[in-house]
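A quick write-up on the structure given underneath.
Any read-out appearing in this document is the output of simple, stated calculations on the displayed coordinates, not a laboratory observation. Everything quoted here is computed from the prediction, not taken from an experiment. Don't worry about glycine lacking a Cβ; one is built from the backbone with ideal geometry, like all the others, and counts go over all protein chains shown.
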Amino acid sequence: MLPLLWLALSAPPAIIANAPVSILPAEVAQRLVDPPRCLRASCVGNEWQVEAMPQIPSGQRRVGADDLPGAGGSLKFSNERRDWVKAQGSNARVGMQYGIQALKTRDTSVRVAVDTGYRMQGYADDGTAGTGPILRGQVEWSHALGTRTRLSQTTKVETGQSGVYLRNSLLFKTELMPDLTLSSGVEMRRDSDVRSRNKTDATLNLKYAF
């Protein structure tokens with residue numbers, strides 16, 4: 001494979017000019033000749049604006065405002081309250097996350113994050129059942145109840161072209177002994193389009209550290 005790749009890259013222009021006509025579909029050949037460029041996250045909340053996008057090669061489809069959840073509404077984050085911006089990527093979805101540490105004290109922490117992205121695989125990674133542009137939100141709350149006990153809650157929600165998916169987890173964790181921890185929680189999942197995904201689970205775990 002490598003020798004063939006080297007030959008293709010080192011062939012003189014005359015050979016390439018006389019090469020047989022490609023049997024690839026036109027849109028695939030166009031991507032090979034002029035691949036799309038990734039957008040830089042140079043601004044907050046305006047990544048989907050048409051004027052901020054590079055020229056799309058012929059035969060490729062541009063993602064417009066009508067493809068986004070919320071009827072093309074604009075989402076904005078204050079530049080003064082942005083604690084982190086990071087890329088998100090997996091086999092299921094790609095996107096960019098913006099987050100703030102809304103509250104931080106000795107006993108209490110509140111973190112809020114918003115993601116804009118594209119889902120490539122449904123039913124995965126706490127997401128909706130379909131593919132396409134998505135908007136995600138997440139809130140993490142944690143509070144200490146004394147020196148050995150903590151109560152925490154994580155809420156995740158995603159919306160897109162395939163409805164809304166919600167996952168909410170409530171966890172109570174207490175240290176019975178230095179090496180023994182008891183945790184109990186309730187987790188709820190809801191899908192507006194696929195009712196069979198709706199479920200509520202309760203857990204009780206006793207963990208001993210050897």
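Would you list the strands (runs of 3 or more DSSP E) that sit entirely within the range 81-185 and hold 1 or more residues that are in contact (Cβ under 8 Å) with a residue 40 or more places away in the chain and out of contact with any Leu (no Cβ under 8 Å at 6 or more places or on another chain)?
Per the criteria, 84-89, 93-104, 108-119, 132-144, 163-177.
Report, by residue number, each residue of the range 182-199 that is more than 20 Å from Trp141 (Cα to Cα) and either surrounded by fewer than 12 Cβ atoms within 10 Å (Cβ to Cβ) or more than 28 Å from the chain's Cα centre (by Cα) (or both).
Arg195, Ser196, Lys199
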